1. Within 11 Å, Cβ to Cβ, of residue 77, how many net charges do the neighbouring residues add up to if Lys/Arg are +1 and Asp/Glu are -1?
2. Which FRET efficiency, nearest 0.05, do residue 198 and residue 62 yield, Cβ-Cβ r, R0 22 Å?
3. DSSP loop (so not H, G, I, E, B), at most 11 other Cβ within 10 Å: list which trypsin sites (Lys or Arg not before Pro) in segment 96-148 pass both filters.
4. What is the set of long-range amide H partners of residue 79 at a cut-off below 5 Å, with H atoms built 1.01 Å from backbone N?
5. When the chain is fully extended, how far beyond the present Cα-Cα distance does residue 158 get from residue 85, taking 0.36 nm per residue of separation?
6. Under 11 Å from the Cβ of residue 203, count the other residues' Cβ atoms, weight Lys and Arg +1, Asp and Glu -1, and hand me the total.
7. In sequence order, what are the phi-derived ³J(HN,Hα) couplings for segment 201-209 according to the Karplus relation 6.51 cos²θ - 1.76 cosθ + 1.60 with θ = phi - 60°, rounded to whole Hz, with x for glycine and proline?
8. Would you tally the net charge around residue 50, using a Cβ to Cβ cut-off of less than 12 Å, leaving residue 50 out, and scoring K and R as +1, D and E as -1?
Amino acid sequence: ASLSDNVPDDKLRSNLLAIRGLLGKAKRVTMSTTLFVDLAGEKGIRTNPSPLLYEGVVRMLIEAAADNELLVSDRRIGFRVDRRSLEVLSGRRVLVDHVLLEQVINNVLDNAGKYSFPDTQVRVYGGLSAKGRVFVGVANKGLRLQQSELQFATQRGWRGDEAEWTTGEGSGLGLWIVDCVLRAHGNGAELVITPTNSVGLTDMKLILPTF
């Protein structure tokens, strides 16, 4: 008899997705370690950019959201991808290293999952910056990030006061790596962080290299 004969389809699918999520997490940790070594040794990050297509990035975001949601399922944190907002990518010329983009997107989603409050939702969406550059945004409701902390948020090893007080998770490397990877692409690519607003939302925008 096959495995599916003994395990309900929904349970089998859930288990397989959980395994994929864990393997993805292990892959990201390995790549983050490699990037850290390169950056710490001042080797720098080499990119291999190619055109970013709407369907491809939507698929990437949906899979990343599903994987990260499973990793925090015990806290009932949902990840929702706003597909309509991502249509801004259509007709725009974005050149990016797809492997590195997947890494930084997952870094930001992992960060949001760690620091979101239970029973909340992480929103993944797209848009245009004030300078007309395409971005992928991640907004969550959780531990506060103050305006005074923004200058430190992308520094290597830094963690916010609330994160230090309330959770032992995190190394303070994730956002530093995200910012370094984006800046390595040039042409205005960067991580832009908006401090927690009056309704408790913290927003991070991955500004992509638009030509």
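1. Values: positive: 75, 76, 80, 114, 141; negative: 69, 74, 119.
Around residue 77, the surrounding residues sum to +2.
2. Working: r = 30 Å, r/R0 = 1.37.
Given R0 = 22 Å and the Cβ-Cβ separation, E is 0.15.
3. Details: sites: 114, 123, 131, 133, 141, 144; in loops: 131, 133, 144.
Answer in residue order: 131.
4. 122
5. On the way: separation 73, 0.36 × 73 = 26.28 nm, distance 3.14 nm.
Taking 0.36 nm per residue and subtracting the Cα distance, the gain is 23.1 nm.
6. Values: positive: 123, 141, 205; negative: none.
Its environment carries a net charge of +3.
7. 3J(HN,Hα) across segment 201-209, in whole Hz: 8, 10, 10, 10, 10, 8, 6, 9, x.
8. Result for the neighbourhood of residue 50: 0.
The values are calculated or read from the model by the stated rules, or taken from the named source; none is laboratory data. Owing to the predicted nature of the structure, the values given are computational and were not obtained by experimental measurement. All Cβ positions, glycine included, derive from the backbone under ideal geometry; neighbour counts span all protein chains shown. Only protein heavy atoms, including side chains, enter the accessible area calculation; ligands, DNA and RNA are left aside. Shrake-Rupley method; radii C 1.70, N 1.55, O 1.52, S 1.80 Å.
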